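Here's the structure we're looking at; comments come further down.
The values are calculated or read from the model by the stated rules, or taken from the named source; none is laboratory data. The model shown is predicted, which means the values in this text are computed figures rather than measured ones. All Cβ positions, even for glycine, are placed from backbone atoms using ideal geometry, and neighbour counts span all protein chains on display. Each accessible area value is taken on the protein alone, full model and side chains, heavy atoms only, with ligands, DNA and RNA left out. Shrake-Rupley method; radii C 1.70, N 1.55, O 1.52, S 1.80 Å.
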Amino acid sequence: MILVFDVGNSNIVLGLYEGRELLNCWRISTDKDKTSDEYSLMIHQLFHYSNVDIKKVEDVIISSVVPNIMYSLEHATRKLFNIDPLVVGPGIKTGINIKYDNPKQVGADRIVNAVAAFEKYEGPLIIVDFGTATTFCAVSKEGVYLGGTISPGLKISSDALFQRAAKLPRVELVKPGKVICKNTVNSMQAGIIYGYVGLVEYIIKKMKSELNTKNATVVATGGLATLIASETDIINVVDKYLTLEGLIIIYERNKEEANRRYIGQD
Ligand SMILES: Nc1ncnc2c1ncn2[C@@H]1O[C@H](COP(=O)(O)OP(=O)(O)O)[C@@H](O)[C@H]1O
Ligand SMILES: CC(C)(COP(=O)(O)O)[C@@H](O)C(=O)NCCC(=O)O
Ligand SMILES: [K+]
């Protein structure tokens, strides 16, 4: 079994794969103050709770957009599995050509999503990831990563309203069903969610025009994808496990090197 980690700014998603089959998926919060022992304990408990033998993990691959968590997480995997994890970054074959001014600057999650989306769907593609930030990435018909946009995420946008305006409460991200709202909570929910639908539709429209096509497939992922996708037909597919799948694909493309990384071997 291969264990994959998608480290985002809010959550770490763990996926346990047998070949291309996702057997288990767990979500824990990203906490840069946790030590490697705390992460080890947590992962150990997740395995125990799902009745999975930790010894069955043959290898580990991690993609992260939170650099200062990596020390603890890498140490945790060494302690628990005796494995030096593969980390998506320089030296890893992704099979995707990255057209960014500085390719090292692109968030690993965006590359991993592009790898999975291009393997599963036909290009050109627009990938929208609703995480802490919302990223939009364009992939050409030939599978070249062309770049994209980064917007403040839904949750942090709504948190900013509550933190910065004295009379505005924290609200749950649910749709109020209309935009002429009669109370503060519904007014905020409408402004955030329906306003966000507008943001998504406009960026995708502009991206399609820059791509010179009306036919790009729009794939959405991330914790909050369904909330927005259910309100617009501009999103063609919601693919919940896109990032995890990208990780297992990248693992397969790098496993020869991976086979030599067991601790104690040279
Ligand atoms: N199923 C869900 N329902 C509601 N909120 C969610 C759900 N999953 C994640 N979230 C929230 O959405 C935001 C983005 O989550 P996530 O996609 O995990 O982000 P990241 O990849 O940046 O860690 C976070 O604030 C998270 O708490
Ligand atoms: C844009 C992001 C913050 C999104 O991260 P997430 O919302 O998944 O936590 C991340 O991909 C990142 O830090 N990217 C680096 C900058 C770039 O992609 O250009
Ligand atoms: K993410």
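Test G153 against the stated conditions and say whether it is in contact (Cβ under 8 Å) with a residue 60 or more places away in the chain and either surrounded by 13 or more Cβ atoms within 10 Å (Cβ to Cβ) or hydroxyl-bearing (S, T, Y) (or both). The answer is yes for G153. Every listed requirement among (1) open to solvent by less than 70 Å² (accessible area, probe 1.4 Å); (2) among the charged types (D, E, K, R); (3) not in a helix (DSSP H, G or I) is met by K208 save one, (3). For the range 94-122, a tally of residues being of a type in the set (F, W, Y) and touching a residue at least 60 places away in the same chain (Cβ under 8 Å) returns 1. When residues in the range 59-96 are screened for being away from ligand 2 (no atom under 16 Å from the Cβ), within 22 Å of E119 (Cβ to Cβ) and either small (G, A, S) or open to solvent by 50 Å² or more (accessible area, probe 1.4 Å) (or both), 3 of them pass.
This table checks each residue for (1) away from ligand 1 (no atom under 16 Å from the Cβ); (2) open to solvent by 70 Å² or more (accessible area, probe 1.4 Å); (3) more than 18 Å from A133 (Cα to Cα).
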site	(1), (2), (3)
K175	no, no, yes
G222	no, no, no
I228	no, no, no
T232	yes, no, yes
N236	yes, yes, yes
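If the condition is being in a strand (DSSP E or B), open to solvent by less than 40 Å² (accessible area, probe 1.4 Å) and within 16 Å of ligand 3 (Cβ to nearest atom), then the range 1-46 contributes V4, F5, D6, V7, I12, V13, L14, G15, W26, I28. Of all residues in the range 123-150, those satisfying the criterion of being within 16 Å of ligand 1 (Cβ to nearest atom), touching a residue at least 60 places away in the same chain (Cβ under 8 Å) and open to solvent by less than 10 Å² (accessible area, probe 1.4 Å) are I127, V128, F130, T134, F136.
Yes/no matrix, rows are residues, columns are (1) more than 10 Å from ligand 2 (Cβ to nearest atom); (2) over 30 Å from A76 (Cβ atoms); (3) modelled with pLDDT of 95 or more:
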| site | (1), (2), (3) |
| --- | --- |
| V106 | no, no, yes |
| V115 | yes, no, yes |
| F118 | yes, yes, yes |
| G123 | yes, yes, no |
| T132 | no, no, yes |
| C137 | no, no, yes |
| L146 | yes, yes, yes |
| I150 | no, no, yes |
| K175 | yes, yes, yes |
